[in-house]
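Accompanying notes for the structure given below.
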Amino acid sequence: DDVRKWWLLPEQKRDYPNLSRMALDILSIPAMSASIERLFSSANITVSDRRNRLTPDIIEMIESLKSWKKIEKAI
């Protein structure tokens with residue numbers, strides 16, 4: 001059930017010492033999706049029915065500019 005417990009088993013640590021440490025480091029990072037959800041929500045507003053012909057490059061530029069503008073306002 002808990003992958004971290006499996007990597008903590010003595011035989012896993014012995015057989016795969018580097019991989020075990022790496023897996024524990026990665027699995028210890030808490031999952032967070034708030035920022036990516038905000039990004040998709042913002043992109044959804046940018047790409048509306050009226051602006052459905054924007055290319056991915058243009059959308060990326062617009063979203064970057066919006067993000068930079070928010071950072072600028074926070075400073």
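The values are calculated or read from the model by the stated rules, or taken from the named source; none is laboratory data. Computed from a prediction, not measured in an experiment: that's the story for all the values here. Counting neighbours? That spans all protein chains shown, and the Cβs are built from the backbone with ideal geometry, glycine included. These area figures cover heavy atoms from the full protein model, side chains too; ligands, DNA and RNA do not enter into them. Shrake-Rupley method; radii C 1.70, N 1.55, O 1.52, S 1.80 Å.
Mind checking which lysines have their Cα closer than 29 Å to the Cα of LYS5? Skip sequence neighbours fewer than 8 apart in that chain.
Candidates past the 8-residue exclusion: LYS13.
Treating the Cα atoms of the chain as identical point scatterers in vacuum, please give the log10 of the normalised Debye intensity I(q)/I(0) at q = 0.12, 0.22 Å⁻¹, two decimals.
-0.60, -0.96
How much of the accessible area of the chain, probe 1.4 Å, is carbon plus sulfur, in whole percent?
Carbon with sulfur: 59 percent of the solvent-accessible area.
Can you tell me the relative contact order of the chain? Whole percent, Cα pairs under 8 Å, sequence separation 6 or more.
It rounds to 19 percent for the chain.
Leaving out ligands and nucleic acids, and using a 1.4 Å probe, what accessible area per residue does the chain come to in Å²?
92 Å²
If packing is taken as the average count of other Cβ atoms within 10 Å, what order do 47-54, 19-26, 3-10 fall into, highest mean first?
19-26, 3-10, 47-54
Helix 34-46 against the longest principal axis of the chain: what's the angle in degrees, Cα atoms only, rounded to the nearest 10?
20 degrees
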